[in-house]
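Worksheet for the structure shown next.
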Amino acid sequence: MDIERVIAALAPVDVVGRAPVEIADLAYDARSATAGSLFFCVPGSTADGHDFASEAVANGAVALVVERPLELDVPQVVVADARRAMGVAADEFFERPTEQLQVAGVTGTNGKTTTAFLLYSILAAAGRRPGLLGTIESRVGGERRPALRTTPEAIDLQRSFREMLDGGDRSCAMEATSHGSELGRLDRVRFSALVFTNLTQDHLDFHGTIERYFDAKRRLFTGARPPAAVNVGDPYGRRLAEELDGRQRLLTYGFADEAELRPEGLDLEPRGARFTAGGLELETRLRGRFNVENVLAALAVGR
């Protein structure tokens, strides 16, 4: 891809040493930079990618995305936020894969992994040929891979979406984390549907406050406004549903009288649960009320 396409997509503050360059790959780790790659100098909490730019160039990087110009003789695209620029550039480089791939995201403190696996099974049974991105593993084009991060960095995420399409996948069930939202990893992911499971006191070491944590989840729903399934049996889910009501397609679920999908005739047993929801008679080997919520979440986002 010509670097001019990246420049047009990023609308940078400046371009230093502008020259015709062909981009063959994207990298944010200098050790993984290869011939023809565009290297993103991302500042982190313990290390700054700008300090490794010379190593990336030595490994073959032909251009840089920086927050400040460096004394290196390669084109440098200057942006305000190199981390967020990764999502925009990766979406463009991998030819906007989520315009074709149906992505169903699961976000919340608890239940993401179980719900994502349930949703994967629903998509598979419906003939949607799904991929999977989650905490335990990824499934890309029928290949099982270990999960390195629940929500990968934007470059790795968009690469996975492209590999799914190239491998024959037509949909994807994925865990969408608050870290992924806060750090811009989920920027440019076009969700076909998104489910909110719940919010509890967790990850405050990263977000600082429960309100910032909630806002990281909330912005996934209020940005591009995907069709949303929301657990109104959870207090933060109720807040979210009230905000979304009337603004976008919304389906509510949970242990709440006002939920559109709720467990009726619930029979909790040591070997699982039986109940009716949305006109369907359901039986699961997953035990406990929290797993009833997970089944409802998968049903809701599937709908």
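Coordinate-derived values only; no laboratory data. Being a predicted model, the structure only gives us computed values, none of them experimental. Cβ coordinates were reconstructed from backbone atoms using ideal geometry, including for glycine residues, and neighbour counts include every protein chain displayed.
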Between the stretch 113-150 and the stretch 1-35, the Cα center-to-center distance that results, in Å: 31
Modelled FRET efficiency - R0 25 Å, residue 11 with residue 224, Cβ distances, 0.05 increments: 0.85
The stretch 162-303: mean projected area of Cα convex hull, nm²: 10.0
Chain lengthening between residue 269 and residue 24 when straightened (0.36 nm per residue, less Cα-Cα): 82.6 nm
Proximal charge balance of residue 256 [Cβ under 12 Å; K/R count +1, D/E count -1]: -3
Cα gyration tensor, the stretch 51-113 - rounded (a/c under 1.5), prolate or oblate: prolate
Choice from 36, 105, 180 showing the highest fluctuation, given a GNM over the chain with Cα pairs closer than 10 Å: 36
Fraction of beta bridges assigned by DSSP in the chain that are antiparallel (%, nearest 5): 40
Diffusion coefficient, µm² s⁻¹, Stokes-Einstein with Kirkwood Rh over alpha-carbon pairs of the stretch 163-242 at 20 °C and 1.002 mPa s: 157
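By the scheme Lys and Arg +1, Asp and Glu -1, what is the net charge of all other residues having a beta-carbon under 15 Å from that of residue 81?
Values: positive: 68, 83, 84, 185, 188; negative: 14, 48, 67, 153, 182, 187.
After counting each charged neighbour, the total is -1.
Per-residue counts of other Cβ atoms within 10 Å, averaged by peptide: what ranking do you get for 11-23, 181-193, highest first?
Details: 11-23: 13.5, 181-193: 21.5.
Highest mean packing first, the order is 181-193, 11-23.
Where does each of 66-72, 130-136 land if you order them by average Cβ count within 10 Å, highest first?
Working: 66-72: 15.6, 130-136: 22.1.
Highest to lowest by the protection proxy: 130-136, 66-72.
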Dipole axis of the chain (+1 Lys, Arg; -1 Asp, Glu on Cβ), positive-most option in 181, 235, 78: 235
Kirkwood Rh and Cα Rg combined as Rg over Rh, evaluated for the stretch 147-197: 0.94
Computed label-point distance, nm, for sites residue 200 and residue 51 using a 7 Å Cα→Cβ extension: 3.8
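Using Stokes-Einstein with the Kirkwood hydrodynamic radius over Cα pairs, what translational diffusion coefficient do you get for the chain at 4 °C and a viscosity of 1.567 mPa s, in µm²/s rounded to a whole number? Don't jump to the answer; show the numbers that get you there.
Details: Rh = 20.4 Å.
This corresponds to a translational diffusion coefficient of 63 µm²/s.
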Farthest toward positive dipole pole in the stretch 144-303 [+1 Lys/Arg, -1 Asp/Glu at C-beta], among 273, 302, 214: 302
Top of 161, 290, 93 by mean-square fluctuation, Gaussian network on the chain, Cα under 10 Å: 290
Nearest 10 degrees, 0 to 90: helix 235-244 Cα axis against the chain principal axis: 70
Unit charges on C-beta of K, R, D, E only; dipole of the stretch 90-141, Debye: 280
Shape metrics for the stretch 1-150, restricted to C-alpha atoms - Rg then Dmax, Å: 18.1, 55
Calculated P(r) tail over 21 Å for the stretch 98-202, as whole % of Cα pairs: 24
Square roots of five times the Cα gyration tensor eigenvalues for the stretch 252-303, Å: 17, 11, 10
Check: the stretch 34-173 dipole with +1 on Lys, Arg Cβ and -1 on Asp, Glu Cβ, in debye: 820
Semi-axis lengths, Å, the stretch 216-294, gyration tensor of Cα atoms, sqrt of 5 times eigenvalues: 27, 12, 10
Centroid-to-centroid separation of the stretch 38-100 and the stretch 238-267 [C-alpha atoms, Å]: 42
Summed side-chain charge close to residue 23 - residues other than residue 23 whose Cβ falls under 11 Å, Lys, Arg +1, Asp, Glu -1: -4
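Pairs of alpha-carbon atoms within less than 8 angstrom and 6+ residues apart define the contacts here; what relative contact order does the stretch 113-211 have, in percent? Working shown, then result.
Values: 119 pairs, mean separation 25.6, N = 99.
Relative contact order here is 26 percent.
Kindly work out what percent of the DSSP beta bridges joining two residues of the stretch 147-303 are antiparallel, to the nearest 5. Mind showing how you got there, number by number?
Values: 9 of 17 bridges.
About 55 percent, rounded to the nearest 5.
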DSSP beta bridges in the stretch 1-121 [antiparallel fraction, %, rounded to 5]: 35
